[in-house]
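Each value in this text was obtained by applying a stated rule to the coordinates, not by laboratory testing. The model shown is predicted, which means the values in this text are computed figures rather than measured ones. Backbone-built Cβ (ideal geometry, glycine too); neighbour counts: all protein chains shown.
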Amino acid sequence: MNLLHCLGREAGLFIRTRSSVAALALLCVLASIAIGLGHAEVQRQEASIERVRALDVTERESALAGAPDFGDAAYAAYHLTWNPPSEMAFTAMGQRDIAPWMLRVRALALEGQIHETDSFNPELSLTGRFDYAFVMAFLLPLFAIVVMYDMVSAEREAGRIPLLVASAGNVRRLWWQRTAVRVLGLLLACLVPMWLGGLIIGTSAGALLTASAIVLVTVLVWTAVILVFSFRPWSSAVIATSLTGVWLTVALILPLGGKVLIDYLEPGIDGAQIALLQRETVNGAWDLPKEATMKPFFVTHPEWADTRPVTEPFHWKWYYAFQQRGDEVAAELSGAYRAAITRRDELTGWVALLSPPVAVQRALQRLAGTDVQASLAYEQRIRIFHEQLRRFYYPFLFNEEPYGLESLKDLPRFE
Amino acid sequence: MSQAMKIAAGEWTHLLRTRLAVLTLGLLFALVAIAAINSSAQLRAEAAERLQYQQQADEAYRAQPDRHPHRMVHYGHYVFRTPAPLAVIDPGVDAFTGRSIFLEGHRRNTAAFSEARETSVLTRFGSVSPAFTLQVLVPLLMILIGFSSVARERERGILLQLLAQGTRGAALVQGKAIALAGVAALALLPLFLSALWLGPQTPTEALPLLALLAGHTVYLAFWVVLIVAVSALAGRARTALIVLIGIWAMLTVLVPRLATDVAATTLPAPNQAEVDIRLQEELRSVGDSHNINDPGFQSFQQQVLAQYGVASIDELPVNYRGLVSLQGEAESSAVMDRLTAEQHSLQRDQAGIVKLFALLSPYIAVRHLSMTSAGTDLRNHQQFLDAAEAHRFALIQGLNTLHAEELDYVDDSARSRDAEAEQRTRVSSEFWTTLQQFDFAGTGAAERVRSALPLLLALFAWLSASALLLRAGARKVQAL
């Protein structure tokens, strides 16, 4: 008997177990719903970005048109930055319902702007989205347990083991074939919805293959865990209890324990400190001699050191210099803040080694560009853009050029 | 001893003799206790930290030197949210909302720096709190302990013996339920202990605390009854287990997420950037209050001149620039308040959709009951934002009033060019020491309990439904 034939026979037997087929069909339906909802969310986000980008252009035009000078123009003109959903974002929403993916900035001190939160509904964030990564992390293992836990014990409890030994000859091969059929069923239920979703959107095959590999590894890891228990000489009920206990431990208890541990190991920096420091520096400048701002500013921006000194109580170049000083003074704390977030993320990687649900969420979010690193990278792009923006205004401010809309046609664009 | 109590005692003897059950019981108790201890330690640290930040911000404000009042408008102030006393039991949405707000003139900022953004993906797995353990983890552990309570006896043929000896089916399932209720009581014990500890510290919270206890008790009672009912109805123990895990996954994991997506899809919320742009467009029609010649303030000028009976603004007994600031802030705040109210009401509608799913999942009912009672729900967060806004508006208008009453119009107009005039426009730093303290008490206890009551009724409905199932189970046992 060739292998294919045997697998075919096992598949036939499996399909006739109605409960297992129903379980796989349900898994497939849930994965499809998740893909559909993820797709709808991505479209909504794309439409929102497109709409706000158009609004942003007209809004900036009216802001610039009404400004009397470059200082006022830089003060009034906001620039939209955005972080579009990637081609795989429909599988894992990740940080996109807690960290902003659109942010408007202007040439003022960035530390006072970059930590703004979007108006996400916290009650929705609390639960999290029903995305594909969620199905793979939490539901897939439960379904895998349902279709595989009693593979051996059910036969034993029905007294069929001697019969199987007699008819199959090599029982071990028989178990492998049964496992293979179930793994295949699980993979089909999970992967078909994702591939269909990906093909409709036009996701690249490479990304879909990588995601498939992540799903494959998840299924294999859980299969291995389930087999360890299902080959024990225990009753079906005991095996199912133990497996549920394992799932509960790795899906909920370990991640929560890990969180407590990480909070302890890496307490992090309270963001409010950055905001307070930046604000003290920026506002303190009003009461200091102009020199106290301009001198350190010229150290980091020597190209403007030779321009006319500020003698009047107020001048825009002094104003933007102390905005920049605010950022410079807060830079160290702000960097430490981001470093703490990165270290927490790294520590989470260690938790992922012990917890497949954490691992699969991280892997899919990484692939979808919706993880912590991706939101920090977006923040970095905003920083670079802000740098371009303020440096664009400096020549007009420091050379005290007369205001003209013509000069603003080369305003940096966020791309 | 009644039949039911005998059965219950027998079940406990069996549980204590089973290694797996003892292990699960130990795990269950440890989890609830650890969650309670961790949560209270963390919260106390956080409350102390917030208080310290608030004091620091207050002191910094009071210590500002002599200044032009409009400088203070831009210097602004910070307020920090201190956790609600009952957040020890249920932190609710706290991890997902910003913890501090910068209050300044011309703008209504949102709360910044949420815990969820600063920590890792692990925050999304649930909170280490008594509420989360009791609502999600404990039911699953109770399933592992109780799924076989009746089914096991049936498989081993003991059920027939018991019936032959005259045990009634109803007494049997009641006994099993009483035994499992003991497990639930064990899980609830830390909650009751912390209530005994919290109650005297915060007497005003007694009523919400009671609602919390009642909600969790009814919720766990629902699970006790459901577990025994399914165990009685299922032919085999493993069927009972699979069915129960399926129900648990659906009620506590699947339905809440689906509810979230349904809410977000049926009522899509605009992005903050979009709201801000709309706001800016509307504010442009209000005018820029830094510029007294802004067309937006022409009619205001006529009105002021008429009111004081003078021909030009330099004849006014008050500083016209300050009046424009007052007027501009009032007009722009009205626009901002309207747009924020729209956003808040949309978010509450979204939460309302989620709450409707309490009809599909008792977990949603108990979660909302718990958050509402603890004062850690969306509503309370919005009230914090509104309270901070009221504080901001009072602070800024106080400064603008100084601007109008304490400053000379001519000096104020020349201050950007004339250093001496600039010196004269600085008001005494003594004014800054009158800063009002920001006190946010949160939603009143009575109101919280009132909005929690319908959810308690929903939980009772779930309990009744499972009781009907248990009766069917008892009949099935009797019919053997």
Completion exercise
Projected area averaged over all directions for the convex hull of the alpha carbon atoms of region A:92-161, nm², comes out at 7.1 nm²
Fill in the blank from the handout: Charge tally for neighbours of A:TRP82 with beta carbon under 13 Å away, counting Lys, Arg as +1 and Asp, Glu as -1, is -1
Problem - Ratio of the Cα radius of gyration of region A:277-415 to 2.2 N^0.38 Å, where N counts its residues - result: 1.44
Handout entry: Angle between chain A longest axis and helix A:205-230 axis [Cα atoms, degrees, rounded to 10]
Key = 50 degrees
Exercise for the section: At 7 Å along the Cα-to-beta-carbon direction for both B:GLU49 and B:ARG338, put a label point, then send me their distance in nm to one decimal. Expected result: 4.0 nm
Problem - Cα centroid separation, region A:71-125 to region B:387-439 (Å) - result: 33 Å
Practice task
Rounded to whole Å and sorted largest first, list the principal axis extents of the Cα atoms in the protein assembly as shown.
Solution key: 106, 65, 44
Problem - Size of electric dipole in chain A: Cβ of Lys, Arg +1 and of Asp, Glu -1, about Cα centre, debye, nearest 20 - result: 2400 debye
Handout entry: Electrostatic dipole magnitude of region A:264-350 [Cβ: Lys, Arg +1; Asp, Glu -1; Cα centre; debye, to 20]
Key = 140 debye
Practice task
Rounded to whole Å and sorted largest first, list the principal axis extents of the Cα atoms in chain A.
Solution key: 102, 44, 35
Practice task
Could you check the simple spin-label distance between B:LEU20 and A:GLU387, using points 7 Å along Cα→Cβ, in nm with one decimal?
Solution key: 6.0 nm
Handout entry: As computed over region B:3-478, the Cα convex hull volume per residue (Å³)
Key = 158 Å³
Exercise for the section: Write down, largest first, the equivalent ellipsoid semi-axes of region A:269-330 in whole Å, where each equals the square root of 5 times an eigenvalue of the alpha-carbon gyration tensor. Expected result: 23, 13, 8
Practice task
Give the calculated FRET efficiency between B:ARG168 and A:LEU164 to the nearest 0.05, with a Förster radius of 41 Å applied to their Cβ-Cβ distance.
Solution key: 0.45
Fill in the blank from the handout: Helix B:320-356 sits off the longest principal axis of the Cα atoms of chain B, rounded to the nearest 10 on a 0 to 90 degree scale, by 10 degrees
Exercise for the section: Mind pulling up the Rg/Rh value for region B:130-197? Radius of gyration and Kirkwood radius, both on Cα. Expected result: 1.13
Fill in the blank from the handout: Distribution output for region B:336-471: share of Cα-Cα pairs per 10 Å bin in percent, first bin at 0, values 10, 25, 21, 15, 12, 9, 5, 2, 1
Completion exercise
Placing +1 on each Lys and Arg Cβ and -1 on each Asp and Glu Cβ in region A:240-344, then taking the dipole about the Cα centre, the residue among A:THR241, A:ALA336, A:PRO289 whose Cα reaches farthest towards the positive end is A:THR241
Fill in the blank from the handout: Checked against a 23 Å limit on the C-alpha separation, the offending pairs among B:LYS176/B:LYS355; A:LYS317/A:LYS409; B:LYS176/B:LYS476; B:LYS355/B:LYS476 are B:LYS176/B:LYS355; B:LYS355/B:LYS476
Problem - Calculated diffusion of region A:51-169, Stokes-Einstein form, Kirkwood radius summed over Cα pairs, 20 °C and 1.002 mPa s, µm²/s - result: 108 µm²/s
Practice task
Taking the dipole about the Cα centre of region B:3-478, with the C-beta of Lys and Arg at +1 and of Asp and Glu at -1, give me whichever of B:ALA458, B:ALA21, B:ALA112 is farthest to the positive side.
Solution key: B:ALA21
Problem - Size descriptor, Kirkwood hydrodynamic radius, that averages inverse alpha-carbon separations across region B:37-147, Å - result: 16.6 Å
Fill in the blank from the handout: Between A:GLU406 and B:LEU267, Cβ-based FRET efficiency (R0 35 Å, step 0.05) works out to 0.20
Exercise for the section: Pick out which of A:TRP101, A:TRP304, A:TRP247 has the largest mean-square fluctuation in a Gaussian network model of chain A, springs linking Cα atoms closer than 10 Å. Expected result: A:TRP304
Practice task
Evaluate E = 1/(1 + (r/R0)^6) for B:ARG156 and B:GLU447, where r is the Cβ-Cβ distance and R0 equals 56 Å; express this FRET efficiency to the nearest 0.05.
Solution key: 0.55
Exercise for the section: About the Cα centre of the protein assembly as shown, how large is the charge dipole given +1 on each Lys and Arg Cβ and -1 on each Asp and Glu Cβ? Please answer in debye to the nearest 20. Expected result: 6500 debye
Practice task
State the answer as a single residue: which of A:ILE15, A:ALA74, A:PHE130 lies farthest towards the positive end of the charge dipole of region A:1-151, with beta carbon charges of +1 for Lys and Arg and -1 for Asp and Glu, about the Cα centre.
Solution key: A:ILE15
Problem - Exercise: per-residue mean of other protein chain Cβ atoms within 10 Å, B:408-418 - result: 1
Practice task
Could you tell me what fraction of 2.2 N^0.38 Å the Cα radius of gyration of region B:205-318 comes to, as a two-decimal ratio?
Solution key: 2.39
Exercise for the section: Show that you can apply the helix-only estimate: for chain B, add -39,500 (n - 2.57) for every DSSP H stretch of four or more residues, divide by all residues, and state [θ] at 222 nm to the nearest 500. Expected result: -23000 deg cm²/dmol
Handout entry: Anisotropy class of region B:357-416 from Cα gyration tensor, a/c 1.5 cut
Key = prolate
Completion exercise
region A:272-294 scanned against label point 7 Å out from A:ALA331 along Cα→C-beta; backbone N under 19 Å for A:274-283, A:285, A:292-294
Problem - Principal-axis tilt of helix B:255-266 within chain B, Cα atoms, nearest 10 degrees - result: 40 degrees
Exercise for the section: With a/c under 1.5 counting as rounded, go ahead and sort region A:1-64 into rounded, prolate or oblate using the C-alpha gyration tensor (a ≥ b ≥ c being the square roots of the eigenvalues; past the cut-off, prolate if a/b is larger than b/c, else oblate). Expected result: prolate
